[in-house]
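The values are calculated or read from the model by the stated rules, or taken from the named source; none is laboratory data. No experiment lies behind these values; they were computed from the predicted model shown. Glycine gets a Cβ as well: all are built from the backbone with ideal geometry, and neighbour counts include every protein chain shown.
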Amino acid sequence: MPTKILDELTASRVASLFEALSDPTRVRILSALMAGETSVGDLVSHIGPTKSAISHQLRGLKEKRLVRSRKQGRQAYISIDDEHIAELFQRGLDHVQHG
């Protein structure tokens, strides 16, 4: 048992984080970003199905602060927001591949 029970707000934020990881397309986007920053166009070509669908999923990931974006000219580049997200993703992957 944890030494401290989470308060409602913190528990809600953690649940929201894991909810963001509950969609296979979002997980595939994160897996692509584990190699480093990439353009939205490259995500679409590797994951599909459409730019609109990928952009929709990216909006959700940005709202949850799992990814960040930057613009260079007309191109948008996406990366994992910070090392905590990369570590969480890797631990989840290790867990499912282990068992």
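Tabulated results
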| item | result |
| --- | --- |
| Matching option when the condition is surrounded by 14 or more Cβ atoms within 10 Å (Cβ to Cβ), assigned to a helix (DSSP H, G or I) and free of Cβ contacts under 8 Å to residues at least 24 places away in the same chain, among 44, 96 | 44 |
| Which numbered condition residue 17 misses (of (1) surrounded by 11 or more Cβ atoms within 10 Å (Cβ to Cβ); (2) under 26 Å from residue 75 (Cβ atoms)) | (2) |
| Check on residue 52, hydroxyl-bearing (Ser, Thr, Tyr) and modelled with pLDDT of 95 or more | no |
| Cβ pairs under 9 Å, 6+ apart, first in the range 11-23 and more than 13 Å from residue 85 (Cβ to Cβ), second surrounded by 12 or more Cβ atoms within 10 Å (Cβ to Cβ) and among the charged types (D, E, K, R) | 16/64; 19/64 |
| Failed condition for residue 26, given (1) surrounded by 12 or more Cβ atoms within 10 Å (Cβ to Cβ); (2) among the charged types (D, E, K, R); (3) assigned to a strand (DSSP E or B) | (3) |
| Test: residue 74 is exposed (fewer than 12 other Cβ atoms within 10 Å of the Cβ) and touching a Phe, Trp or Tyr at 6+ places or on another chain (Cβ under 7 Å) | no |
